[in-house]
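The values are calculated or read from the model by the stated rules, or taken from the named source; none is laboratory data. Since we're looking at a predicted model, the values are computed, not measured. Glycine also receives a Cβ, built like all others from the backbone with ideal geometry; neighbour counts cover every protein chain displayed.
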Amino acid sequence: MGLDDSITYLSGVGPKRAELFNKLGVRTVKDLLYHLPRSYMDFTSPVSINEAALDEYSVIRCKAVKKRSPDLIRKNMKIFRILFTDDEADVTAVIFNSVYLYNQIKEGKWYYLYGRLTGNLTTKEISSPIIFEADGEDKIQPIYPLTQGLSVGIIRRCMKNALMQLENESCETLSRDFIEKNGFMGADAALHAIHFPKSMDDAASARRRLAFDELLVLQLGMLSLKEKNRRLTPYPLKEMPLDKYYEALPFELTGAQRRSIGECISDMTENTPMNRLILGDVGSGKTAVAAALCYFTFLNGCQSCIMAPTEILADQHYATFCRFLEPLGVKIALLKGSMSQKKKADVKEALKNGDLDIAIGTHALLQQSTEFKNLALVITDEQHRFGVQQRKMLVNKGNNPHRLVMSATPIPRTLALMIYGELDISLLDEMPKGRKKILTYAVTGKLRSRAYNFVKDRLDEGRQAYIICPAIEDSQADIKNVTDYAKSLSENGFGSYNIGVLHGQMRSDAKEKIMRDFQNGRTDILVATTVVEVGVDVPNAAVMLIENADRFGLSQLHQLRGRVGRGEYQSYCILIADNAGETSRKRLKALSNSSDGFEISEMDLEIRGPGDFFGSAQHGLPRLKIADLAADADLIRLARAEAEKMYSTGYLKSSDGARLSGAVKRLFESDEPLA
């Protein structure tokens, strides 16, 4: 049978068991081969019973000496006890309701026991241990993702049969020269070693090879997306001077902003559409770059549109663009759901006729009735907040227009190349002159009253404050509930201040009203979860207090901190952690000492992994089975270089590249990537 054949026909499976495998995403023989262990139990280095630490998991080697009669504790529940010894000390294994396992144990035979030892110096027990024959060949046991009805033993027996199929059909996708040059295992050998390793070093070598394969396919997938976007555009724009725009700005652009504008304009003058990401830290000036590109598009007689995730952010962009561009003769309109039907109809008519140059809006831009005369530039702000289909719908409003994505989530370049691999990247890695550093302090709960007094002092100066809580439900007693927290503030010294509450379970219109009240100064303190809108400017907000700060990722804390410091006032961020361990204290201290979002994101990637950057899978990155974006930076770079080489040489179109080409085509079948 072939690797792409249904697992139903693999020896040891059958239709019923195949249904169970399907629940794990395993449908073919190849799927089973790539159903990889999460971790391993290593029985190669057992300790004696006396050496095993109490209340910790250990592997001990011992001999079964006495199988005691089972105890019936209630109907259908038996407890079996077996006495083991290593000739120096004894331990009793307690087995719950498994007569099969009890019957398998033979007195006088040596076994490995894996479990948590309890008791004291004289009497020791190990409950529900994993028991493995000491003379067995496989001393390293894999731990697989399971489902009810599929045990590790069943998976291992089926896996042996699947691995036998590699004798007839190989999974190898790389050349022998490349494998040897980079010290990789062959693919087939790696699959054997990942499932049945002879040592942990063997498993590590297998993991490295399979992780590279996964990253290579992902990089090739990103490059294929990039290639699809290289269709000719009807909008190759002409070079136009932007001097009037630069002169009209009330501030001087940074070198990074000018560089990014130049990179974008260079793309927009080509015959293929720009497809670029502006990646910048909080406050790095992405909006000024976007406005410059809209002005450049206007000078070329074409239209632009900008989609923001919320109405309040769309309003903010509209006000900024009007301030920057209306004096230069650019006609700008706002389009959002809360506008009257007549106002929306007037805007849509003007866009269709070409009487407007720029449309700034929310999801209202996606409506079928929204049409443009000559849309040449599409900008999405906070791209990961939109679904794939929404982004496609916006692009389809034009005829293969130029695309710009803006994100205020600073992420390491290696991760950016994975998530946004089909985009060219411009980094805003320089902050505008004169921006004051947000002074950040990490304290324990013992200093909460002093922190409150500090907040009051800022409020009495006429400023406003955010207080961030990590949850809206008391699922854990020590996590503050925003509603109760706000009530507690009112009852404990903050009764004379106006307090607003914002959380994710509120309706969108209610959230908008709360944010507007805060933005307009009608609220002194905003008690909120992390739904505080990304990018919304409240220049008068000068202090942020974050409760249970140790429960947040560093990047998330940095993003939240960026909500203050957006005006002329010195701003502050206070991180309170009641029960922080040593690692958390170090992390919070590192955040206090750094204001560089990219540097912080590198630390966060090492500590928490990539998931923390977005909190959702909307960025479209397929789930990685074995590669680790934090630990495999060297493999990411190698995969990127090899993918570019394969693309430039046409390797995927050759017979040797057929397997890789097929893997790339299957890559996004179940999880569509960025468009």
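What to note about this one:
- Checking V65 against (1) loosely packed, with under 12 Cβ neighbours inside 10 Å; (2) in contact (Cβ under 8 Å) with a residue 24 or more places away in the chain, the condition it does not meet: (1)
- Where helices (runs of 4 or more DSSP H) fall wholly inside region 97-193, the ranges with 1 or more residues that are under 31 Å from the mean Cα position of the chain (by Cα) are 152-164, 176-181.
- Of all positions in region 622-630, at least one carries a residue that is among the β-branched types (V, I, T) and at pLDDT 70 or above.
- Looking only at region 14-48, residues that are in a loop (DSSP other than H, G, I, E, B), crowded, with 17+ Cβ neighbours inside 10 Å and polar (S, T, N, Q) come to 0 in all.
- Listed conditions (1) crowded, with 17+ Cβ neighbours inside 10 Å; (2) closer than 23 Å to I49 by Cβ; (3) out of contact with any Gly (no Cβ under 7 Å at 6 or more places or on another chain) are all met by P129, apart from (3).
- If you go through region 569-590 and pick out every residue that is surrounded by 18 or more Cβ atoms within 10 Å (Cβ to Cβ), modelled with pLDDT of 85 or more and part of a loop (DSSP other than H, G, I, E, B), you end up with 3.
- Residue check for G662: more than 15 Å from the chain's Cα centre (by Cα), at pLDDT 80 or above, in the same structural domain as Q219 (by TED's automatic domain parsing) and farther than 27 Å from V26 by Cα: no
- Test: residue in region 115-125 that is within 27 Å of F196 (Cβ to Cβ), touching a Lys or Arg at 6+ places or on another chain (Cβ under 7 Å), in contact (Cβ under 8 Å) with a residue 24 or more places away in the chain and not assigned by TED's automatic domain parsing to the domain that holds D31: no
Quick grid of which residues meet (1) over 18 Å from F372 (Cα atoms); (2) crowded, with 20+ Cβ neighbours inside 10 Å; (3) within 29 Å of the chain's Cα centre (by Cα):
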position	(1), (2), (3)
S260	yes, yes, yes
F298	no, yes, no
M307	no, yes, yes
S340	yes, no, no
I360	no, yes, yes
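- Check on K348, buried (at least 16 other Cβ atoms within 10 Å of the Cβ), farther than 23 Å from A292 by Cα and not hydrophobic (A, V, I, L, M, F, W, C): yes
- Matching residues, region 642-652, being surrounded by 12 or more Cβ atoms within 10 Å (Cβ to Cβ) and free of Cβ contacts under 8 Å to residues at least 40 places away in the same chain: Y651
- Scanning region 541-554 for residues that are surrounded by fewer than 24 Cβ atoms within 10 Å (Cβ to Cβ) and either farther than 16 Å from A528 by Cβ or among the β-branched types (V, I, T) (or both) gives D550, G553.
- Any hit, region 93-101, residues being surrounded by 12 or more Cβ atoms within 10 Å (Cβ to Cβ), at pLDDT 90 or above and among the hydroxyl-bearing types (S, T, Y): no
- Condition met for G387 (closer than 27 Å to T409 by Cβ and modelled with pLDDT under 90): yes
- Selection status of T92, farther than 30 Å from D201 by Cα and assigned to a strand (DSSP E or B): yes
- Only one of E270, E311 that is crowded, with 20+ Cβ neighbours inside 10 Å and farther than 20 Å from Q559 by Cβ: E311
- Cβ-Cβ contacts under 6 Å between residues 6 or more apart (or on different chains), taken from a first residue in region 14-25 that is free of Cβ contacts under 8 Å to residues at least 40 places away in the same chain to a second residue that is surrounded by 13 or more Cβ atoms within 10 Å (Cβ to Cβ) and part of a helix (DSSP H, G or I), are listed as P15/T8; A18/I7; A18/T8.
- Output for region 517-531, where each listed residue is surrounded by fewer than 21 Cβ atoms within 10 Å (Cβ to Cβ) and hydrophobic (A, V, I, L, M, F, W, C): V531
- Meets criteria (under 30 Å from I155 (Cα atoms) and among the small types (G, A, S)) for S69: no
- Which listed residue, of Q148, Q165, is crowded, with 17+ Cβ neighbours inside 10 Å and either at positive phi or of a type in the set (S, T, N, Q) (or both): Q165
- Scan of region 312-332 for residues that are over 34 Å from the mean Cα position of the chain (by Cα) and closer than 25 Å to N396 by Cβ, ordered by number: V330, K331, I332
- Any chance P241 is surrounded by 15 or more Cβ atoms within 10 Å (Cβ to Cβ) and free of Cβ contacts under 8 Å to residues at least 40 places away in the same chain: no
- Number of the exception - L72 against (1) out of contact with any Pro (no Cβ under 8 Å at 6 or more places or on another chain); (2) assigned to a loop (DSSP other than H, G, I, E, B): (2)
Table: residues versus (1) among the β-branched types (V, I, T); (2) within 26 Å of N50 (Cβ to Cβ).
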{"position": "D71", "(1), (2)": "no, no"}
{"position": "M77", "(1), (2)": "no, no"}
{"position": "F84", "(1), (2)": "no, yes"}
{"position": "V94", "(1), (2)": "yes, yes"}
{"position": "I105", "(1), (2)": "yes, yes"}
{"position": "G108", "(1), (2)": "no, yes"}
